[in-house]
1. Tally the residues that are assigned to a strand (DSSP E or B) and crowded, with 17+ Cβ neighbours inside 10 Å, restricting the search to region 94-111.
2. Pick from region 1-29 the residues that are modelled with pLDDT of 55 or more and under 16 Å from Ile119 (Cα atoms): which of them is surrounded by the fewest Cβ atoms within 10 Å (Cβ to Cβ)?
3. May I ask you to say which residue of Ser49, Ser74 is under 20 Å from Pro25 (Cα atoms), free of Cβ contacts under 8 Å to residues at least 40 places away in the same chain and open to solvent by 20 Å² or more (accessible area, probe 1.4 Å)?
4. Looking at region 25-64 only, could you name the residues that are at positive phi and more than 15 Å from the chain's Cα centre (by Cα)?
5. Somewhere in region 116-125, is a residue among the small types (Gly, Ala, Ser), part of a strand (DSSP E or B), within 12 Å of Ile28 (Cβ to Cβ) and within 11 Å of the chain's Cα centre (by Cα)?
6. Please enumerate the residues belonging to region 65-81 that are at pLDDT 95 or above, within 11 Å of Gln109 (Cβ to Cβ) and over 14 Å from the mean Cα position of the chain (by Cα).
Amino acid sequence: GGGGGGGGGGGGGITIPPTATQFLPFEIYTNNVDAGGNATVAITGAAPSSSIYVGYSVNGPGPTQTNFGMVEMSMPIQSLGPFTSDNSGYLELTQSVPPQLTGVTLWVQSLNAASTVSISLPERVTVQ
């Protein structure tokens, strides 16, 4: 697994390398994950005005079977939410990052509980 953040939506005339992961429309992005600061978590592609949960683990990339499906986080998994997406399916959160998390790797995924349940691809982030 790997990879990381980088660019947003598709389109454009780019050639996708054969090693690239094909992303689902429901995605999570993390930015400014700095110890002692405020991280931004952006979620796109959710159902409009629907419930979103953010799960995270400091214990590894799973996989773990949950009631909602397989996730790429190891137990124990912490959960934040529910939060509500806006009418375009977007949610942005600001979360404080404790100073003692410097150097810790987090595995993060979001879950959209709408008429169908969607789980984002995982995001792996190391606190700076």
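The values are calculated or read from the model by the stated rules, or taken from the named source; none is laboratory data. This one's a predicted model, so the numbers in the text were calculated from it and none came from an experiment. Glycine gets a Cβ as well: all are built from the backbone with ideal geometry, and neighbour counts include every protein chain shown. Keep in mind that these areas ignore ligands, DNA and RNA; they rest on the heavy atoms of the full protein, side chains included. Shrake-Rupley method; radii C 1.70, N 1.55, O 1.52, S 1.80 Å.
1. Pass one, region 94-111, residues assigned to a strand (DSSP E or B): 94-96, 105-111.
Then drop every residue that is not crowded, with 17+ Cβ neighbours inside 10 Å, which leaves 106-111.
Result for region 94-111: 6.
2. Pro25
3. Working: Ser74 fails: under 20 Å from Pro25 (Cα atoms).
When all the criteria are applied, what remains is Ser49.
4. Our first condition is that a residue be at positive phi; within region 25-64, this holds for 32, 36, 45, 49, 60, 62.
Matches in region 25-64: Gly36, Ser49.
5. The answer is no; no qualifying residue exists.
6. Once the filter is applied, which keeps residues that are at pLDDT 95 or above, within 11 Å of Gln109 (Cβ to Cβ) and over 14 Å from the mean Cα position of the chain (by Cα), region 65-81 yields nothing.
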